[in-house]
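Here the structure comes first, spelled out in structure tokens, and everything after it is commentary.
No lab work stands behind these numbers, since they all come straight from the coordinates. Here the structure is a predicted model, which is why all the values come from computation and not from measurement. Every residue, glycine as well, gets a Cβ built from its backbone with ideal geometry; the counts of neighbours run over all protein chains shown.
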Amino acid sequence: MRIDRLGDLGSAPAVLRALAYAAARTGHAPPAALIGEWFGAAAIIAPSVTVTATGVAEVFDVPVGDAKSDAKSGAVGGGWFGYLSYPDSGADGQAARVPEAAGGWSDCVLRQDVDGQWWYESLSGAELSRWTLEALHNPVPPNVFRLPWDDADRATHRRGVLKCLEAIAAGEIYQACVCTQFAGRIDGAPIDFFVDAAARTAPARAAFLAGEWGAVASLSPELFLRRAGTAVTSSPIKGTLPRTADPAALRASVKDVAENIMIVDLVRNDLSRVADIGTVTVPELLAVRPAPGVWHLVSTVTAQVPVDVSMAALLDAAFPPASVTGTPKTRARELLTGWEPRRRGVYCGTIGLASPVAGCELNVAIRTVEFGADGSAVLGVGGGITADSDVDREWEECLHKAAPIVGAKPTAQSRDLSTAS
């Protein structure tokens, strides 16, 4: 594997923007990016990836590394970038807006370490391409975009929450994540929306993928799965307060604590389906962490899986993520299909990278905007409903989560993606 130090090239959003415009100008496929806290780095960017529809069972089913062979360098090298949509339909029965699963292979990546230094890494040992090198030394100024959003349907969300409370009272379920959607249409390029939002909000698990089918811009704070060799980690988020509130109130909230602990138990159950007996543990419970616009309760579950357990088998056991479904998972999913009018799509699915060197890391695709090829945009938001939930407060929680995205404003000067230099 080739590893070259490139030095300080600037922020990850700025580097991504330069690569996106250079790729469009030179006829290459768009870049793919993971920004925040991925693989022990601040950013992983593939300069150009052809992301196309793929089978649901194949999207991340590649042999993954254990990160030990390159522990000192922190190298990622390259691998399979992709997404997997939330699998269930909505009450309207409509088909998916974008492919249910998509991905593509990149032999190389640009990695920004936690000290801000950039590295070029290639699994095959290939040199950095000339067009990429030129892009890195020719920053592109921010571009204007407009993305007006329609109001989400409060009445439908209210009915869903009330039905969920009825199901909890009847003993059918203990908790479910009831969601709503904002719809809009972008005037501009999805990459400009993502670069602006990632720079403003700095989420821990941001991700961007694009292709002829459209684009996915995820501003997620949540780790779904990290796998390095036989070690697996999941860090579910449940429990939310606005950033203006006292974060200590989260640990004091009976509702939020119960919400988190129930999902931790569900994650433990999911991982135990493929883990070595006795290896599922909870090293962190109910940590209070900041995220864009809110405070969250975050717990961490770890496990050891046999070396012959594939990523497909791990996903079969754990997907869709526990935190966006409910308990019991199967019944909660069945009920949610009737309570939510529209398919969630990529929202509540997962996005990430499977590397033969560094392992696999996947986010929970919350705070995620799905763009169609026609510029249509859908943002999903939701929250966990328990017996102690208040209908109006649940709606307010949705608005707090959406605010950093829906409130985004255009910035800087206008620029044409296809002709930018």
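Hey, what do the phi angles of the range 290-304 turn into as Karplus ³J(HN,Hα) couplings, whole Hz, using 6.51/-1.76/1.60 and θ = phi - 60°, x for Gly and Pro?
Computed from phi, the couplings for the range 290-304 are x, 9, x, x, 8, 9, 10, 8, 10, 10, 10, 10, 10, 7, 10 Hz.
Mind jotting down a quarter of the surface of the convex hull over the alpha carbons of the range 288-361, in square nanometres, one decimal?
So the mean shadow area of the Cα hull is 7.2 nm².
Would you work out the charge dipole size for the chain about its Cα centre, treating the Cβ of every Lys and Arg as +1 and the Cβ of every Asp and Glu as -1, and quote it to the nearest 20 debye?
Charge dipole of the chain: 400 debye, to the nearest 20.
Kindly count the pairs of lysines across the chain whose alpha carbons are less than 22 Å apart, treating pairs on different chains or eight or more residues apart as eligible.
Number of lysine pairs found: 9.
In a GNM of the chain with a 10 Å cut-off on Cα contacts, which of VAL381, VAL294, VAL346 has the highest mean-square fluctuation?
Ranking VAL381, VAL294, VAL346 by mean-square fluctuation puts VAL294 first.
Would you calculate a helix-derived [θ] at 222 nm for the chain, using -39,500 (n - 2.57) for each DSSP H run of n ≥ 4 and dividing by the full residue count, to the nearest 500?
My calculation for the chain gives -8000 deg cm²/dmol from helical runs alone.
Could you check how many percent of all C-alpha pairs in the chain are farther apart than 43 Å?
Result: 8 percent of Cα pairs exceed 43 Å.
Hey, got a sec? Which trypsin sites (Lys or Arg not before Pro) in the range 10-98 land in a DSSP loop and have at most 16 other Cβ atoms within 10 Å?
Taking the range 10-98 and a limit of 16 other Cβ atoms within 10 Å, the loop trypsin sites (Lys or Arg not before Pro) found are LYS68, LYS72.
What is the set of long-range amide H partners of ALA32 at a cut-off below 5 Å, with H atoms built 1.01 Å from backbone N?
ALA46, SER48, VAL49
Starting at the first residue of the range 15-20, write each ³J(HN,Hα) from the Karplus equation 6.51 cos²θ - 1.76 cosθ + 1.60 with θ = phi - 60°, in whole Hz, x for Gly and Pro.
Coupling constants for the range 15-20: 5, 4, 4, 4, 5, 4 Hz.
Among ALA387, ALA46, ALA358, determine the one that fluctuates most according to a GNM of the chain built with springs between C-alpha atoms less than 10 Å apart.
Most flexible of the set in this elastic network: ALA387.
Can you pull out the GluC sites (Glu not before Pro) in the range 107-146 that DSSP calls coil and that have at most 12 other Cβ atoms within 10 Å?
Answer by residue number: GLU127.
Given H placed 1.01 Å from N in the peptide plane, which residues other than close sequence neighbours of ALA291 have an amide H under 5 Å from its amide H?
For ALA291, the qualifying residues are HIS296.
Where a ≥ b ≥ c are the square roots of the eigenvalues of the C-alpha gyration tensor, would you call the range 331-393 rounded, which needs a/c under 1.5, or, failing that, prolate if a/b is larger than b/c, or oblate?
Note, shape of the range 331-393 comes out oblate.
Around ALA42, which amide H atoms from residues at least 5 apart in sequence, or from another chain, sit under 5 Å from its own amide H, with H modelled in the peptide plane?
For ALA42, whose amide H was placed from the backbone, the distant partners under 5 Å are GLN112, ASP113, VAL114.
If you take the charge dipole of the chain about its Cα centre, with +1 on Lys and Arg Cβ and -1 on Asp and Glu Cβ, which of ALA373, ALA358, ALA322 is farthest toward its positive end?
Sorting the options by dipole projection puts first ALA373.
Shape call for the range 56-172 from the C-alpha gyration tensor, a ≥ b ≥ c root eigenvalues: rounded (a/c under 1.5), prolate (a/b greater than b/c) or oblate?
Verdict is prolate for the range 56-172.
Take the alpha carbon gyration tensor of the range 134-213, find the square roots of its eigenvalues, order them as a ≥ b ≥ c, and report rounded if a/c is under 1.5; if not, report prolate when a/b exceeds b/c, else oblate.
Note, shape of the range 134-213 comes out prolate.
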